[in-house]
Amino acid sequence: MAKSTSNAKPYIPAEKVIPEFSPIPLILGVLLGIVFGASSLYLALKVGMTVSASIPIAVLSITIFKTFSKVLGVRRATILESNIVQTTGSAGESIAFGIAVTMPAALILGYDLDLTRITLVAVLGALLGVLMMIPLRYALIVKSHGELTYPEGTACAEVLIAGEKSGTSAKTVFAGFFVGLIYKFFNVAARLWNEVPSKAFSWFKGASISAEVAPELLGVGYIIGPRIACITVAGGLLSSWVLIPMIKLFGDGLIAPIFPATKLIAEMSLIEIWRNYVLYIGAGAVATGGVVSLIQSLPTIIHGAKTGLGSIKNGGQKASALLRTNLDLPLPFVLGGCVALVLSIWLIPLFHMSLIGALLIVVFGFLFVTVSSRLTGEIGSSSNPISGMTVATLIATSLVFLGLGWVEPSYRLVALSVAAIVCVASAVGGTTSQDLKTGYLLGATPKFQQIGLLIGALTSALVIGYTLNVLNSASTIYSRKAVPENVIVDRALLSEHRETVNEPGSDDRSEYRVLRVIEQASTGPLAGVKPGKYLVNDAGMLSYLVDPGINGTLDHRDDGSHVAKYEAPKARLMSLIIDGILTQKLPWGLVLLGVAIALLLELCAIPSLPFAVGVYLPLSSSMPIFIGGAMRWLVDRWNKRKNKGAENEEHSPGILYSSGLIAGGSIAGISLAILSIKEGWLSAVDLSTVFPSLAGSDLFAVSMFALIAAFLVRAGLQKKPSL
């Protein structure tokens, strides 16, 4: 039975009016939202997950306002102003997740990352998510106060209340931030140690072990905890120690390639085997894990949808609507905004969206915003199966398109856009509900929070596309070596658009026309040319393969220099679903192996989704997450022995330090990506030639990673800081 509204006692009574909505908190929230949105995008492209930004933003907000008060002698911000900062800033993380798991799929489908399309998807999805949650606030936040806990939202309220009572110190967050930042600088910019130390086992053919020694992944592992970290790395070990060695064992003697590869298994590197075979097994497992998590949530989905419709039908608060803490944005404004957004989706020429597509967005958008908001209240943002909802949307949309005969390549982008808008809306809806829960516990004015959310969502959405393009461009490779020789291209196949080589160190200033190969042909002049984007000279000869930074296949430039790529695992999954349904060409045998693996895990009562993500990612990505989880296990055991309790609070020292590591490492990665675009900017700090023995030593790389892991353990063992 849900608690009644009368039993809820907010920290600031409804009758009391204190400063809440003013320009400074709003601006600070916007800036922090952009920063944490960018770091979340970076993280999602690497491992397909993000962590909640509300707690770090709340801690930083209190600290910044306290510092300004001491230094400038100005009035210290109220608790409700600090709440506006975290509310406005939290939207960036959810938008980043929605964009990262969907829009990079365009690159795999053979298209460029269109900045206008990405920005429109982010803006429309974000605003739709906020607006659709507003009519649900009274039912999910107020009436269900005792039933739905909203763990992150409740923890954030505790942080803000503790900061109001006793002052705050964000030294732990800042310490993690600067450690992550400095570590990343010496690792990636100065190149003092390897980014991915690895070792192939000579006595176990096809098996290897590797780890990306990244501080942000270490922080993720600590936050998600040992159980999920172990399940995730188990998936990676299945790929690297079982599947790839099996493929090598049975395939080395074959004299013909096995679909979908075009090379002999004996001639493939381990990473090529992973990309051509294991990736599809992982995709089947991830898709199944997402669908299973969605099916498990069906009772909640049905109940949440009924609750949402009922709250709108009953008109919300009734008699208590005049209280400050019950003031929402007017329902006509919300409905008008939703209608305007849907019309925009339908009428914007770039989307080529039919009325059916727009209606699918409305139906799936409201359904999954409702589901996401309720699930967030029950199990928290981290366990919310938004990827599963997106997969379901994409499968349904693609099947509708297939039934209507819309199978041309252009419809792939339309299907992706539908799923992307719904994904962003669902992610933002869940975050919005957490923020409104925080405000409900504090005694905030919902209307002001909703305005802050709309502004924060809009500003973060406008920036996220630029961040995505910068990360992709910085790691894009223009390769002559990967281009087939003596291929003459018919000019009718070429785009009129011309491009230049945008790669650091290149002195080629020529303009080239663009050829996009969507599917590999078996006959004709383009027979054997792999799918991808090519630059063609005026004579019609292929000059460069343009290998994107996100989901690209090459990790070394022609000069031998290494380039860090972004796997964007869930975006790759989206592209496989679209291609598999609309082209009806997919290695279903491999996909079904992944389906079987996921179902077997569920029968063993093991969550299949984190395991499947481990299969889907290279072992180098899941290993540092596992190490972070192991550090959390050590800290929890030691604290229990000392009767200090486990680190199960969102604002415990280890969690705050890990949040700092994630922010510092991610922001450093983005900054270095921006700097690498300009030729020569990073070469001045490259120390790999000064200390070649260190730069080439895997042992030194592991030692440096062990050092920051030790710092993390030390932070976790500290007493909980004053908030």
**Asked** Restricted to the range 499-514, and to residues that are of a type outside the set (G, A, S) and over 32 Å from the mean Cα position of the chain (by Cα), which residue is modelled with the lowest pLDDT?
**Response** D507
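When you look at T370, is it out of contact with any Phe, Trp or Tyr (no Cβ under 8 Å at 6 or more places or on another chain) and within 15 Å of I141 (Cβ to Cβ), yes or no? Talk me through it step by step, then tell me what you get.
On the way: out of contact with any Phe, Trp or Tyr (no Cβ under 8 Å at 6 or more places or on another chain): yes; within 15 Å of I141 (Cβ to Cβ): yes.
Judged against the criteria, T370 is a match.
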**Message:** Among the residues of the range 131-140, are any of a type outside the set (S, T, N, Q) and in a loop (DSSP other than H, G, I, E, B)?
**Reply:** no
**Request:** Scan (1) modelled with pLDDT under 75; (2) surrounded by 24 or more Cβ atoms within 10 Å (Cβ to Cβ); (3) assigned to a helix (DSSP H, G or I) for the single condition F36 breaks and write down its number.
**Result:** (1)
**Item:** Tally of residues being part of a helix (DSSP H, G or I) and in contact with a Ser or Thr (Cβ under 8 Å, 6 or more places away or on another chain) across the range 347-364
**Value:** 5
**Asked** Any residue in the range 78-101 that is in a loop (DSSP other than H, G, I, E, B), touching a Pro at 6+ places or on another chain (Cβ under 6 Å) and of a type outside the set (D, E, K, R)?
**Response** yes
**Message:** Taking the conditions exactly as written (assigned to a loop (DSSP other than H, G, I, E, B) and modelled with pLDDT of 85 or more), does A605 satisfy them or not?
**Reply:** yes
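Give the range 687-698 a look and list any residue that's in contact (Cβ under 8 Å) with a residue 60 or more places away in the chain and of a type outside the set (F, W, Y), or say none.
First, pick out the residues of the range 687-698 that are in contact (Cβ under 8 Å) with a residue 60 or more places away in the chain: 687-688, 691, 694-698.
Passing the criteria: L687, S688, L694, A695, G696, S697, D698.
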**Prompt:** Looking at (1) part of a helix (DSSP H, G or I); (2) surrounded by fewer than 24 Cβ atoms within 10 Å (Cβ to Cβ); (3) not β-branched (V, I, T), which is the one condition that is false for K570?
**Reply:** (2)
**Message:** Can you report the number of residues in the range 180-198 which are more than 16 Å from V233 (Cβ to Cβ) and either surrounded by fewer than 19 Cβ atoms within 10 Å (Cβ to Cβ) or among the aromatic types (F, W, Y) (or both)?
**Reply:** 7
**Where a residue in the range 515-540 is closer than 18 Å to R412 by Cβ and at pLDDT below 85 and its partner, wherever it lies, is of a type in the set (V, I, T) and surrounded by fewer than 16 Cβ atoms within 10 Å (Cβ to Cβ), with Cβ under 7 Å and at least six apart** = P531/I518
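Each row is one residue, and each column tells you yes or no for (1) over 21 Å from the mean Cα position of the chain (by Cα); (2) surrounded by fewer than 24 Cβ atoms within 10 Å (Cβ to Cβ); (3) more than 29 Å from G532 (Cα to Cα).
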| residue | (1), (2), (3) |
| --- | --- |
| Q86 | no, no, yes |
| I95 | no, no, no |
| A100 | no, no, no |
| A106 | no, no, no |
| M132 | yes, no, yes |
**Complete:** All conditions in (1) buried (at least 24 other Cβ atoms within 10 Å of the Cβ); (2) under 30 Å from G146 (Cβ atoms) are true of L45 except (2)
**Request:** Just one of (1) surrounded by 15 or more Cβ atoms within 10 Å (Cβ to Cβ); (2) part of a loop (DSSP other than H, G, I, E, B) trips up Q450, so point out which.
**Result:** (2)
**Message:** Please determine whether any residue of the range 209-217 is in contact with a strand residue (DSSP E or B) (Cβ under 6 Å, 6 or more places away or on another chain), surrounded by fewer than 24 Cβ atoms within 10 Å (Cβ to Cβ) and of a type outside the set (S, T, Y).
**Reply:** yes
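One line per residue, one yes/no per condition, for (1) out of contact with any Phe, Trp or Tyr (no Cβ under 9 Å at 6 or more places or on another chain); (2) modelled with pLDDT under 90; (3) over 30 Å from L80 (Cα atoms):
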residue	(1), (2), (3)
T390	no, yes, yes
T393	no, yes, yes
A396	no, yes, yes
P409	no, yes, yes
S426	no, yes, no
G430	yes, yes, no
P446	no, no, no
G452	no, no, no
L458	yes, no, no
**Message:** For the structure I just gave you, tell me whether T438 is modelled with pLDDT under 90, in the same structural domain as T370 (by TED's automatic domain parsing) and over 27 Å from I348 (Cα atoms).
**Reply:** yes
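For the condition surrounded by 24 or more Cβ atoms within 10 Å (Cβ to Cβ) and either under 24 Å from A568 (Cβ atoms) or of a type in the set (D, E) (or both), what is the one hit in A126, A58? Walk me through how you get there before you give the answer.
Values: A58 fails: either under 24 Å from A568 (Cβ atoms) or of a type in the set (D, E) (or both).
Selected residue: A126, the only one of A126, A58 that is surrounded by 24 or more Cβ atoms within 10 Å (Cβ to Cβ) and either under 24 Å from A568 (Cβ atoms) or of a type in the set (D, E) (or both).
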**Fill in**
Only one of (1) assigned to a helix (DSSP H, G or I); (2) surrounded by 22 or more Cβ atoms within 10 Å (Cβ to Cβ); (3) of a type outside the set (F, W, Y); (4) at pLDDT below 80 does not apply to S6, and that is (2)
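Could you say which residue among L542, L515, L535 is of a type in the set (A, V, I, L, M), out of contact with any Ser or Thr (no Cβ under 8 Å at 6 or more places or on another chain) and assigned to a strand (DSSP E or B)?
Values: L515 fails: out of contact with any Ser or Thr (no Cβ under 8 Å at 6 or more places or on another chain); L535 fails: out of contact with any Ser or Thr (no Cβ under 8 Å at 6 or more places or on another chain).
The match here is L542.
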**Message:** Residue under question is G206, and the condition is that it be small (G, A, S) and surrounded by fewer than 16 Cβ atoms within 10 Å (Cβ to Cβ); does it hold?
**Reply:** no
**Request:** Collect the residues in the range 41-74 that are without any contact (Cβ under 8 Å) to a residue 40 or more places away in the chain and not aromatic (F, W, Y), keeping them in residue-number order.
**Result:** I57, S61, I64, T67, S69, K70, V71, L72, G73, V74
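The values are calculated or read from the model by the stated rules, or taken from the named source; none is laboratory data. All values derive from a computational prediction rather than experimental measurement. Neighbour counts are summed over all protein chains in view; Cβ atoms, including those assigned to glycine, are modelled from backbone coordinates with ideal geometry.
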